[in-house]
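Trainee: What follows is a single structure, and I will ask about it in a moment.
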Amino acid sequence: MTAAKNPSTGETAGKPFVISRVLNAPRELVWKAWTERDRLAQWFGPKGVTITTAKLDFRPGGTFHYCMKTPDGKDMWGKFTYRKITPPERLEWVNSFSDAAGGITRHPMAPKFPAQMLSIATLEDQGGKTKLSIHWSPLNATAEEVAFFNSMHSSMNQGWTGTFGQLEEYLAKTKA
């Protein structure tokens, strides 16, 4: 059974996950960190993982296909499919776990997690700093997947907090 959807986005009804952080870096640099392959591969992902493969076709309809190596040596593939790009303030993409060929797969540790997430990143200039907000919602999900997603907000907060920490470390050592 599929949960109710927003007809314009495909976003599934439920409680969206939203997290924000003010970064000590100009918006243009934060934008580059999100939109350039070599920069993105240096910081993206949960704390403790490293990006070992990264292919970026940065345009609406293009993808970021990547492989993360976990601390225990396992490979985890992921994929962004970009929907809308509004430099330097907004990115919208569909996020999913993936296989090495780019096919959509289920979360390797949580099979009830939605297969696709509507992801929106907004970057707001704050006088030399940048407020980064992430908005995540299930996409084309079943009612069971939406309920599981809603139950995982605390875990997602931990994951994104670690990712934001890695981004902050990257920005602190990087120049435009």
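The values are calculated or read from the model by the stated rules, or taken from the named source; none is laboratory data. Being a predicted model, the structure only gives us computed values, none of them experimental. Cβ placement follows ideal geometry from the backbone for every residue including glycine, while neighbour counts extend to all protein chains displayed.
Trainee: Those residues that are closer than 25 Å to Gln158 by Cβ, of a type outside the set (S, T, N, Q) and at pLDDT 95 or above, I need them from region 49-64; list them, please.
Mentor: Ile51, Ala54, Phe64, listed by residue number.
Trainee: Right, something else. Of the numbered conditions (1) free of Cβ contacts under 8 Å to residues at least 60 places away in the same chain; (2) within 24 Å of Pro16 (Cβ to Cβ); (3) touching a strand residue (DSSP E or B) at 6+ places or on another chain (Cβ under 8 Å); (4) outside any strand (DSSP E or B), Arg59 fails exactly one; give the number of that condition.
Mentor: All conditions are met except number (2).
Trainee: A further question follows. If you go through region 55-67, how many residues are surrounded by fewer than 17 Cβ atoms within 10 Å (Cβ to Cβ) and touching a helix residue (DSSP H, G or I) at 6+ places or on another chain (Cβ under 6 Å)? First the steps, then the outcome.
Mentor: Going residue by residue through region 55-67, those that are surrounded by fewer than 17 Cβ atoms within 10 Å (Cβ to Cβ) are 55, 57-62.
In the following step, the residues that additionally are touching a helix residue (DSSP H, G or I) at 6+ places or on another chain (Cβ under 6 Å) were identified as 58.
Selection size over region 55-67: 1.
Trainee: Out of all the residues in region 157-176, which are surrounded by 17 or more Cβ atoms within 10 Å (Cβ to Cβ) and farther than 21 Å from Glu124 by Cα?
Mentor: Across region 157-176, there are no qualifying residues.
Trainee: Residue by residue through region 15-48, note down the ones that are in a loop (DSSP other than H, G, I, E, B) and either surrounded by fewer than 19 Cβ atoms within 10 Å (Cβ to Cβ) or modelled with pLDDT of 95 or more (or both).
Mentor: Initial filter on region 15-48 (in a loop (DSSP other than H, G, I, E, B)): 15-16, 24-26, 36, 44-48.
Once the filter is applied, which keeps residues that are in a loop (DSSP other than H, G, I, E, B) and either surrounded by fewer than 19 Cβ atoms within 10 Å (Cβ to Cβ) or modelled with pLDDT of 95 or more (or both), region 15-48 yields Lys15, Pro16, Asn24, Ala25, Pro26, Glu36, Phe44, Pro46, Lys47, Gly48.
Trainee: Give all pairs with beta carbons closer than 8 Å in which a residue from region 162-176 that is in a helix (DSSP H, G or I) and at pLDDT 90 or above meets a residue that is surrounded by fewer than 14 Cβ atoms within 10 Å (Cβ to Cβ) and not charged (D, E, K, R); count only pairs at least 6 apart in sequence or on separate chains.
Mentor: Gly162/Gly48; Glu168/Asn24; Leu171/Asn24; Ala172/Asn24
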